[in-house]
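Values in this text are rule-based calculations from the coordinates and carry no lab data. Predicted model only: the values in this text are computed from it and were never measured. Because the Cβ atoms are built from the backbone with ideal geometry, glycine has one as well, and the counts that use them run over all protein chains shown.
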Amino acid sequence: MSNMPKETDVILIGAGVMSATLGSLLKELAPNWDITAFEKLDKAGEESSNEWNNAGTGHSALCELNYTSEKQDGSIDISKAVKINEQFQLSRQFWSYLVNSNLIHNPQDFIMPLPHMSFVRGEKNVTFLKKRFAALSKNPLFHGMEFSDAPEKLKEWIPLIMEGRTSNEPIAATKVDSGTDVNFGALTRKLFDHLESNNVEVNYKHSVEDIQRTSDGKWEVKVHDNVNGKIEYHTSRFVFVGGGGGSLSLLQKTGIPESKHVGGFPVSGQFMVCNNPEVVAQHQAKVYGKAKVGAPPMSVPHLDTRYIENKKSLLFGPFAGFSPKFLKTGSMLDLVNSVKPNNLVTMLAAGTKEMPLTKYLIEQVMLSKEKRMEEIREFIPNAKSEDWDLVVAGQRVQIIKDTEGGGKGTLQFGTEVITSTDGSIAALLGASPGASTAAHVMLEVIEKCFPQYLKEWEPKIKEMIPSYGVSLVENPELFREIHASIVEALDLNEKKLAHS
Ligand SMILES: Cc1cc2nc3c(=O)[nH]c(=O)nc-3n(C[C@H](O)[C@H](O)[C@H](O)COP(=O)(O)OP(=O)(O)OC[C@H]3O[C@@H](n4cnc5c(N)ncnc54)[C@H](O)[C@@H]3O)c2cc1C
């Protein structure tokens, strides 16, 4: 590569919520470090982090039924729900710190209070929900959860869903008023604005094409300037690959052993958006149902009030779909190009194992508008076709790897931070629970890649995120204190709901 690369302390690849979060954390922990970011598009937060490309749920397991499973003995396992809720609390504390420190402003642009509800039909599901409620409502993190199977109460909570519901089948819902709708696109843009005004060089329309080790153990990044077509080289002692769906191919280029035997499987998302303001006005919650048998966990149907472009909207979905692209703005060859000699067996094994999923996704792509309306009508019996339009959301690239439990080519639904043994490079693969847990995941990157600074940084981390290293579920008093200060900082007073 070139003899004249530009040198920097940290390179962030991609301007999504993950790079934004890592950059903002590092700016506070090591203010003198030079940080340079490269983004192939012309703005921050245009891929999965964009408000139209994800569901905007502040995932805290208040309503997502797939985070609580029923055990063999019929009891409910809440461990995953508690873990995800604790992780979301870290993000909320970090955002509060940024607002209180005047580093970002107007939290209502990116986070709004919104009840989170679970809604089920049929006796078996109602029994499950009742047990889930009994298990969670005792837990301090799920304080305030209500349950009802009384139609009159449900009409109060979800009038749009109850209107025109004639069947006698049992139905029930839970509701937690302290849920949130998060505009991750607006948040990402705010964080990148903050970084840019604090000497972070953010290069838009710059695509990273290659990453190679230098002889002195640093990394040299080859960047294509998409405007003038020139190639630039930049070196750094630490690189974060935050390319979303683009991360796998960049990781593969590093050649680190940790990049081997890993593959990706893209699952695309689509939402139906309501274009009738009268219908939009009748709903005020995120209402999650149960996934259909055989459907992947990320396609749990939900009917969501959203705040996008300072306007209240109503979205239903996601419908899963299949496209071989790894980014919405990616190439049809992404999937094929991700197959390398070292992951060929893993990918082939996954291909055989995941035939039913592929078939399901292709069927989802082929759904006619009327078929999609039928799914909406399971939530809104009176929904009219002319009130709903289709919007294409983002791509999620699920990790495929060989695991002890699942064998060769096992599809993973979580996120994974992959780092080199010396901690000089980290990449984030996978997409769930996603943006909500950005602070938790980026703290993991910091712990893995900068262990030598942790002792020095810990007081600052605790100033930004008071519950860092502490279990909130085991310290309910601390949780109450932190929750109250978050509500104040992020302006999440539930009374606001009445006026929205
Ligand atoms: C349908 C759907 C629904 C979702 N719902 C939720 C939800 O409700 N709640 C939640 O918390 N999460 C949700 N998620 C997940 C969440 O959106 C993602 O986890 C999160 O946005 C990922 O952020 P990121 O920064 O890793 O990636 P991205 O936001 O995708 O950013 C990656 C950036 O890297 C850039 N890039 C890629 N390759 C290169 C390159 N070679 N050179 C330069 N730049 C590059 C891209 O252009 C992009 O801007 C959802 C995702 C989808 C798809």
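What the table shows:
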{"quantity": "Reachable aspartates and glutamates, given that their alpha-carbon falls under 12 Å from the alpha-carbon of Lys286 and they are not under 8 places away in the same chain", "calculated": "Glu64, Asp177, Asp181, Asp304"}
{"quantity": "Sorted by Cβ density within 10 Å, fewest first, the residues Ser79, Ser420", "calculated": "Ser79, Ser420"}
{"quantity": "Per-residue Cβ neighbour rank within 10 angstrom, fewest leading, Met117, Met298, Met366", "calculated": "Met366, Met298, Met117"}
{"quantity": "Simple spin-label estimate for Lys369 and Lys71 in nanometres, 7 Å along Cα-Cβ", "calculated": "4.9 nm"}
{"quantity": "Stretchable slack from Thr421 to Arg377, in nm (0.36 nm times residue separation minus alpha-carbon distance)", "calculated": "10.7 nm"}
{"quantity": "The chain: angle of helix 79-100 to the longest principal axis, Cα-based, in degrees nearest 10", "calculated": "70 degrees"}
{"quantity": "Too-long pairs where the Cα-Cα distance tops 23 Å, listed order kept, from Lys253/Lys455; Lys83/Lys340; Lys222/Lys455; Lys6/Lys253; Lys155/Lys175; Lys131/Lys292", "calculated": "Lys253/Lys455; Lys83/Lys340; Lys222/Lys455"}
{"quantity": "Theoretical FRET efficiency, 1/(1+(r/R0)^6), r = Cβ-Cβ of Glu463 and Glu201, R0 41 Å, to 0.05", "calculated": "0.95"}
{"quantity": "Angle in degrees between helix 184-196 and the longest Cα principal axis of the chain, rounded to the nearest 10", "calculated": "30 degrees"}
{"quantity": "Length gained when the stretch Glu404-Glu169 is fully extended (0.36 nm per residue, less Cα-Cα span)", "calculated": "80.4 nm"}
{"quantity": "Candidate aspartates and glutamates - alpha carbon under 12 Å from Lys448, same-chain residues fewer than 8 apart omitted", "calculated": "Asp422"}
{"quantity": "Sorted by Cβ density within 10 Å, fewest first, the residues Ile84, Ile400", "calculated": "Ile84, Ile400"}
{"quantity": "Computed FRET value (nearest 0.05) for Ser331 with Lys448, which takes r as the C-beta separation and R₀ as 25 Å", "calculated": "0.25"}
{"quantity": "Rh (Kirkwood; distinct C-alpha pairs) - the chain, Å", "calculated": "23.5 Å"}
{"quantity": "Relative contact order (percent, whole number), the range 325-424, Cα cutoff 8 Å, 6+ residue spacing", "calculated": "33 percent"}
{"quantity": "Mean-position separation - Cα centroids, the range 1-66 and the range 242-297, in angstrom", "calculated": "17 Å"}
{"quantity": "Pair Ser471, Asp9: separation of 7 Å Cα→Cβ label points (nm)", "calculated": "3.5 nm"}
{"quantity": "Over the chain, relative contact order from alpha-carbon pairs under 8 Å, at least 6 apart, %", "calculated": "22 percent"}
{"quantity": "Calculated [θ] (222 nm, deg cm²/dmol) that DSSP helices of n ≥ 4 give over the chain, each run adding -39,500 (n - 2.57)", "calculated": "-9500 deg cm²/dmol"}
{"quantity": "Gained length - Thr352 relative to Asn276, 0.36 nm times residue gap less alpha-carbon distance", "calculated": "23.0 nm"}
{"quantity": "Nearest-ten-degree value, helix 123-137 long axis tilted from longest Cα axis of the chain", "calculated": "60 degrees"}
